[in-house]
Amino acid sequence: MSVPARYDRVSRVLQWLSAPLVLVLLVIGWLMVDMPLGIMRFDTVNLHKSLGVLLLLFTLMRLLHRWLSRGLCLLLAGHISAV
Ligand code: HEM
């Protein structure tokens, strides 16, 4: 079976959504721990948590997509059967 030259569209979109999110989370995480207690810190921590959960979702979608497309490749190559 030939190896594709590049990752498919779904993998690339999820990668480009995840990469900036990691950087934003790191920056927000570092900034928020030094903020004084108050509404600003409360909102920033909530934003950090929401983006963190979003990143987790993207990561799970990437894993699921990888597992499903690997299964499909093996199926098409005849290494496993559909039933
Ligand atoms: C890829 C990087 C990161 C991800 C995905 C991430 C994700 C998360 C998530 C999902 C939570 C909520 C957890 C919970 O409430 O049980 C959380 C909380 C927290 N994170 Fe991050 N985080 C990242 C980086 C950082 C960094 C760099 C710092 C600080 C240097 C940081 C500091 C914190 C703190 C202090 C909390 C607790 C907030 C609170 O409930 O008071 N995080 N993070």
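Report yes if residue 67 is in a helix (DSSP H, G or I), surrounded by fewer than 14 Cβ atoms within 10 Å (Cβ to Cβ) and within 16 Å of the ligand (Cβ to nearest atom), otherwise no.
So residue 67 fails the test.
Of all residues in the range 21-45, which are near the ligand (Cβ under 10 Å from one of its atoms), surrounded by 11 or more Cβ atoms within 10 Å (Cβ to Cβ) and not hydrophobic (A, V, I, L, M, F, W, C)?
Passing the criteria: 29, 41, 44.
Out of the residues in the range 53-64 meeting the condition of being surrounded by 14 or more Cβ atoms within 10 Å (Cβ to Cβ) and free of Cβ contacts under 8 Å to residues at least 40 places away in the same chain, tell me which one is nearest to residue 11 (Cα to Cα).
Among those that are surrounded by 14 or more Cβ atoms within 10 Å (Cβ to Cβ) and free of Cβ contacts under 8 Å to residues at least 40 places away in the same chain, it is 55.
Every read-out reported here was derived from the displayed coordinates using simple, explicitly stated rules and does not represent laboratory data. Since the structure is predicted, the reported quantities are computational estimates derived from the model, not experimental observations. Reconstructed Cβ throughout: ideal geometry from the backbone, glycine too, with neighbour counts over all protein chains shown.
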